[in-house]
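Scroll down for the structure; my scribbles are underneath it.
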């Protein structure tokens, strides 16, 4: 009974936080504030991460906080794949948006990946309480496909990143990135499940490993699709 009550509380707070964030997104993105898009996205990324962390701490949701730490670490490390794709392979573009850059990558990206990864893993953890691990894993993969696919298809409208020099579907979705992003969602969920009871220092190591797996899969599927299949 106590577990069900805690699940209901965390789920309710999860929904409330994301409703607040959705309203904030509409306010920042739609109201014509005289600031550039990169700064707007930076404000939203900071707001989301602070909301998640503060609610987790104030409500004493230890798993919530640990999950946020894990996905935020992954997001920080994701600068490397984004930098590689934009600077080395020249297949990802981060236009000038008024914000500082880390190499060739817009600064807000250091925290942006935490948003979809927290969503994916939180939902996965709740599903695992009701369904088998294999069924949960399949659903997490589908959620990853949906969230990342929508992001890749829509972020160009915000004058954020966009692909170039690669095969596209639906005008803006790069084919090579679809499978690696599903793998990212799955590995993030899987490795958090395996390490959530370990020391925070272990999360740093595992988060770095997740990033390396993503970088490796991106490189492989880019080569497969762009140099073998679609030549």
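What the table shows:
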| read-out | value |
| --- | --- |
| Condition met for residue 222 (in a loop (DSSP other than H, G, I, E, B) and either touching a helix residue (DSSP H, G or I) at 6+ places or on another chain (Cβ under 7 Å) or without any contact (Cβ under 8 Å) to a residue 12 or more places away in the chain (or both)) | no |
| Residues located in region 81-113, provided they are part of a helix (DSSP H, G or I) and either surrounded by 19 or more Cβ atoms within 10 Å (Cβ to Cβ) or out of contact with any helix residue (DSSP H, G or I) (no Cβ under 8 Å at 6 or more places or on another chain) (or both) | 81, 82, 83, 85, 86, 87, 88, 109, 110, 111, 112 |
| Count - residues of region 217-231 that are closer than 26 Å to residue 125 by Cα and surrounded by fewer than 15 Cβ atoms within 10 Å (Cβ to Cβ) | 0 |
| Selection within region 145-170 - in contact with a strand residue (DSSP E or B) (Cβ under 8 Å, 6 or more places away or on another chain) and not in a loop (DSSP other than H, G, I, E, B) | 149, 152, 153, 155, 156, 162, 163, 168 |
| Qualifying residue in region 73-80 (condition: outside any helix (DSSP H, G or I), out of contact with any helix residue (DSSP H, G or I) (no Cβ under 8 Å at 6 or more places or on another chain), surrounded by 15 or more Cβ atoms within 10 Å (Cβ to Cβ) and at pLDDT 95 or above) | no |
| Residue match in region 42-52 (condition: over 27 Å from residue 203 (Cα atoms), touching a helix residue (DSSP H, G or I) at 6+ places or on another chain (Cβ under 9 Å), surrounded by 12 or more Cβ atoms within 10 Å (Cβ to Cβ) and touching a residue at least 24 places away in the same chain (Cβ under 8 Å)) | no |
| Some residue of region 23-41 being within 30 Å of residue 199 (Cβ to Cβ) and either surrounded by fewer than 17 Cβ atoms within 10 Å (Cβ to Cβ) or touching a helix residue (DSSP H, G or I) at 6+ places or on another chain (Cβ under 6 Å) (or both) | no |
| Unmet requirement for residue 35, which otherwise passes all of (1) out of contact with any strand residue (DSSP E or B) (no Cβ under 9 Å at 6 or more places or on another chain); (2) part of a helix (DSSP H, G or I); (3) in contact (Cβ under 8 Å) with a residue 24 or more places away in the chain | (2) |
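The values are calculated or read from the model by the stated rules, or taken from the named source; none is laboratory data. As the structure is a prediction and not an experimental result, all values here were calculated from the model. Because the Cβ atoms are built from the backbone with ideal geometry, glycine has one as well, and the counts that use them run over all protein chains shown.
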